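Notes follow once the structure below has been shown.
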Amino acid sequence: MNIDELLQAIPHHEGRIVSAPNPACAHTAIDGRVGLMLCEHMHRGQVNIPFYGAPLLP
């Protein structure tokens, strides 16, 4: 099932928050069906935690 099919299954009056692993699907939010889209395409070193800094991962 793709994101368009999933959004069609949610009633229009319901809120929609999408967490996507790739910002390439952000075009879906343009038509107003998504209230908030979080695209978390991250690689090592792109995370900076406030008051802690960037975590070092092996």
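Nothing in this text is a laboratory measurement; each read-out follows from the coordinates by a stated rule. Source: prediction; values computed, not measured. Don't worry about glycine lacking a Cβ; one is built from the backbone with ideal geometry, like all the others, and counts go over all protein chains shown.
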Given H placed 1.01 Å from N in the peptide plane, which residues other than close sequence neighbours of A20 have an amide H under 5 Å from its amide H?
L38, C39, E40
How high is the FRET efficiency from L7 to C39, r the C-beta distance, R0 22 Å, rounded to 0.05?
0.90
